[in-house]
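> Pasting a structure here, questions to come.
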Amino acid sequence: MKRKTLLIASLLLLVLSSYAAKVDTLLVKSPSMNKDIKVIVVTPDIAMERNAIACPVVYLLHGFGGNEKNWIQVKPNLPEIADEKGIIFVCPDGSKSWYWDSPINKDCRYETFVSSELIDYIDGHYNTIANRKGRAITGLSMGGHGALWNAIRHKDVFGAAGSTSGGVDIRPFPQNWEMSKQLGEMAANKKRWDDYTVINQLDKIENGDLALIIDCGEADFFLEVNKDLHKRLLGRKIDHDFITRPGGHTGEYWNNSIDYQILFFSKFFMK
């Protein structure tokens, strides 16, 4: 009897393992940078079955010093969430780019990569809802800036966007995170720094153009710039979710905050 029970349990585990999200590690060619970019894609089972269902996609951008593995490390159960929600998660390596097309470094074209080249690749190789109604983008820290930067400037590509602990105004931090390598020193390039910060991009969107969710920890060094972004969005009468909660600039905070953002995006996709 015991042997039979173990056999049934083993068969059950085998069946369950065959119905699980797939985690792919890819090299995606960037023609604009003439190099391959590492990307992790988490695909739910329903997008891979014989009668597969087209799924929405959430693009997750990492922070400064991170890489394509960051979000799997922060949220190890991302594959289970992919299956539960029926969402494809795409995590590209953004290097230390801040997800800009650098005006001074021709080898840094991460806005083009994220908002065009990567989109084309994912839609061409995965069973996606291949329009803005099925696409969202978010990220942590540098990735929060990158997500809003790309979504606001490419609202025809993304329908929803978020930022968690995002560096949404770079100007208070001119000596930090190698931003000067992409923009030049702030002291000599003030207009460029004004032009390349998310908080000054809001004139490109009107209310309803994007579903937006922004959050930041109360102990985070980016808290004040996030509060300022919230006030400016209110001033422009642009609807958005804005959340602050206890926590700092930490993996523990992001592990929690991304749950709320995924719920927000799930509701957007169901509309």
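Throughout, read-outs are computed from the coordinates displayed, never taken from laboratory work. Remember, it's a predicted structure, so these values are computed and weren't measured experimentally. Positions of Cβ are backbone-derived with ideal geometry, glycine not excepted, and every protein chain shown enters the neighbour counts.
> Enumerate the calculated ³J(HN,Hα) couplings along region 100-117 in order (Karplus 6.51 cos²θ - 1.76 cosθ + 1.60, θ = phi - 60°), each rounded to whole Hz, writing x wherever the residue is Gly or Pro.
Coupling constants for region 100-117: 9, 8, 5, x, 10, 10, 5, 8, 10, 10, 7, 5, 4, 5, 5, 8, 9, 5 Hz.
> Tell me which residues come under 5 Å, amide H to amide H, from Ala211 once H is placed; ignore anything under 5 positions away on its chain.
Correct list: Ala160, Ala161.
> If R₀ is 25 angstrom, what is the calculated FRET efficiency for the pair Ile104 and Glu84, using the beta carbon separation as r and rounding to 0.05?
With a Förster radius of 25 Å, E is 0.05.
> Next question. Report the gain in length on full extension from Ala52 to Asn255: 0.36 nm times residue separation, minus Cα-Cα distance, nm rounded to one decimal. Don't skip to the end; give the middle numbers.
On the way: separation 203, 0.36 × 203 = 73.08 nm, distance 2.93 nm.
Value of the extension gain: 70.2 nm.
> Using Cβ counts within 10 Å as a stand-in for footprinting exposure, how do Leu234, Leu60, Leu212 rank, fewest first?
Arranged by neighbour count, lowest to highest, Leu234, Leu60, Leu212 become Leu234, Leu212, Leu60.
> Which of Arg171, Arg135 has the fewest other C-beta atoms within 10 Å, and how do the rest follow up to the most? Please list the in-between numbers first.
Details: Arg171 15, Arg135 28.
In order of increasing Cβ crowding within 10 Å: Arg171, Arg135.
> Sticking with this one: Estimate the FRET efficiency between Ala219 and Lys69 by the formula 1/(1 + (r/R0)^6), using the beta-carbon distance for r and 22 Å for R0, to the nearest 0.05.
On the way: r = 26 Å, r/R0 = 1.16.
Given R0 = 22 Å and the Cβ-Cβ separation, E is 0.30.
> Once phi is turned into ³J(HN,Hα) by the Karplus curve 6.51 cos²θ - 1.76 cosθ + 1.60 with θ = phi - 60°, what whole-Hz value does each residue of region 21-29 show in order, with x for glycine and proline?
Karplus values, whole Hz, x for Gly and Pro: 4, 9, 10, 9, 10, 10, 10, 10, 5.
> Given the pairs Lys22/Lys267; Lys106/Lys227; Lys85/Lys133; Lys133/Lys237, which span a C-alpha to C-alpha distance of over 26 angstrom in this model?
Lys106/Lys227
> Can you give me the long-range amide H partners of Asp101? Hydrogens built in the peptide plane at 1.01 Å from N, cutoff under 5 Å, separation of 5 or more residues or another chain.
Here the answer is Tyr110, Glu111, Thr112, since their amide H atoms fall under 5 Å of that of Asp101.
> Dividing the convex hull volume of the Cα atoms of region 97-223 by its residue count, what figure in Å³ per residue is obtained?
Convex hull of Cα atoms, per residue: 106 Å³.
> Here's a follow-up. What translational diffusion coefficient, in µm²/s and rounded to a whole number, does the Stokes-Einstein relation yield for region 82-123 at 4 °C and a viscosity of 1.567 mPa s, taking the hydrodynamic radius as the Kirkwood radius over Cα pairs? Provide the component values of the computation, followed by the final result.
Values: Rh = 11.6 Å.
Rounded, D is 112 µm²/s.
> If you add up the charges near Gly217, with Lys and Arg at +1 and Asp and Glu at -1, over every other residue whose beta carbon is less than 14 angstrom from its beta carbon, what do you get?
Local charge sum for Gly217: -3.
> While we're here: Tell me, Trp149, Trp100 in order of fewest to most beta-carbon neighbours within 10 Å?
Listed from fewest to most nearby Cβ atoms, that is Trp100, Trp149.
> Same structure, new question: What Kirkwood Rh does region 192-248 have if only Cα atoms enter the pairwise 1/r average? Answer in Å.
Values: mean 1/r = 0.0826 Å⁻¹.
Computed over region 192-248, the radius equals 12.1 Å.
> Okay, next question. What is the set of long-range amide H partners of Thr128 at a cut-off below 5 Å, with H atoms built 1.01 Å from backbone N?
Those lying under 5 Å, H to H, from Thr128 are Cys55.
> Here's something else I'd like to know. Please give the net charge around Thr244, taking every other residue with its beta carbon less than 15 angstrom from that of Thr244, where Lys and Arg add +1 and Asp and Glu add -1. Mind showing how you got there, number by number?
Values: positive: Lys227, Lys231, Arg245; negative: Asp215, Glu218, Asp220, Glu224, Asp228, Asp241.
Net charge in that neighbourhood comes out at -3.
> State the volume of the convex hull built on the alpha-carbon positions of the chain, expressed per residue in Å³ and rounded to an integer.
Details: hull volume 36.9 nm³, N = 271.
Value for the chain: 136 Å³ per residue.
> Taking the Cα-to-Cβ direction at Ala130 and at Asn34 and moving 7 Å from each Cα, how far apart do the two end points lie in nm?
In this crude spin-label approximation the distance works out to 2.9 nm.
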